[in-house]
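Structure first, then comments.
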Amino acid sequence: MRTPFIAGNWKMHMNRAEAGALAQAMKNELAGVPHKLMVAPPFTALETVGAVLQGSNILLGAQNMAPATSGAHTGEISPLMLKDLGVSVVILGHSERRHSYGESDALINQKVHLALQEGLEVILCVGETLEEREANRVDEVVETQMREGLKGITADQLDKVTIAYEPVWAIGTGKTATPDDADAVHKTIRDFVATLYGADEAGKMVIQYGGSVKPDNVKGLMGRDNIDGALVGGASLKTETFVPIAQFDR
C-alpha cells in the first residue's frame with residue numbers, strides 16, 4: 001500500500017516572517033493528517049520554517065541543490081547545508097529548472113546521486129511541454145527523463161525516490177490534465193519503472209501529480225489508481241487551499 005504524499009513547493013514567494021506564519025498555520029491545521037506531508041520554502045526561509053515545523057508531521061523540503069558538497073560554486077547550496085537546516089527532501093529536475101535554467105538530464109542525475117548519497121529523499125520531476133504533447137511525444141519525453149534521471153540508481157535506493165509527473169503546460173496556467181490523462185501518464189511511468197527495476201519496485205513507487213492542483217480537482221486526481229500524491233505550487237501558498245488538498249480524503 002502506497003502512502004499518499006502531498007508536497008507544497010512555495011517557489012520564490014514569501015519572506016521569513018510570512019513563511020514562518022504560514023508554516024505555523026499549516027502545522028496547526030494539518031496535525032493528525034495520516035498522509036506524508038512536505039513543504040519546500042525558498043532557501044532564505046528554510047531555517048525559520050524548519051524551526052516552526054520541528055516535531056510536527058510536516059517534512060521540510062528544499063526546491064533544489066548543488067551537485068557538490070562544497071567548493072567554489074558561487075550562488076549554490078550544498079546538500080550538507082540543507083541537512084544542517086533540517087531538510088530531509090529535495091525537489092530535483094523541476095520543469096522550471098529544466099526549461100528556465102537549462103538543467104540537463106545529466107546534471108539532474110548527478111544531483112539525484114549526491115542527494116541519495118547524503119541521505120536526502122528525492123522528488124524527481126518529469127513532464128512534457130505543450131509542443132511535445134501535441135507531437136504525441138509524451139511517453140518518449142517522460143521515459144527519457146526517467147531513464148537519464150535514474151541512471152546508476154539501484155533498486156535498494158528507490159525507497160528514497162518519489163516521481164512527480166508535471167506536464168509543463170499545466171504548471172501555473174490554471175490548466176490541469178484530466179484525471180484520466182494524468183493517470184495514463186502515471187501508468188506509463190509505473191510501467192517504465194517496472195522495465196528498469198521490476199514489477200515489485202514499480203508497485204511500491206509513489207508517483208505524484210503536479211500541475212495546477214487545487215481543492216476542487218484533487219479528489220478526482222487522487223481517485224485514480226496510479227496517482228499517489230500531489231506536488232502543489234500556487235495552492236500551497238495559503239492554508240485555505242493547501243489544507244483541503246492535504247485532507248483530500250476527508
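The numbers here are math on the coordinates, done by the rules we state, and not lab data. Predicted model only: the values in this text are computed from it and were never measured. Cβ coordinates were reconstructed from backbone atoms using ideal geometry, including for glycine residues, and neighbour counts include every protein chain displayed.
Data for the structure
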read-out	value
Residues in the range 90-132 that a label on T69 would reach, taking backbone N under 17 Å of a point 7 Å out along Cα→Cβ	110-121
The chain - mean residue ellipticity at 222 nm from DSSP helices (-39,500 (n - 2.57) per run, n ≥ 4, rounded to 500)	-11500 deg cm²/dmol
Cα centroid of the range 175-250 to Cα centroid of the range 117-132, whole Å	14 Å
DSSP H segments from the chain that extend 24 Å or more along their own axis, Cα-based, with Kyte-Doolittle mean of -0.5 or above	179-197
Exposure proxy ranking, count of Cβ atoms within 10 Å, fewest first, for M205, M12, M1	M1, M12, M205
Gain in span if fully extended, T195 to D84, counting 0.36 nm per residue against the direct Cα distance	36.3 nm
Segment R147-N15, length gained on full extension (0.36 nm per residue, minus Cα span)	43.8 nm
Stretchable slack from A135 to E240, in nm (0.36 nm times residue separation minus alpha-carbon distance)	34.0 nm
Protection proxy ranking of 147-154, 173-180 - average other beta-carbon atoms within 10 Å, highest first	147-154, 173-180
The chain - percent relative contact order, Cα under 8 Å, separation 6 or more	21 percent
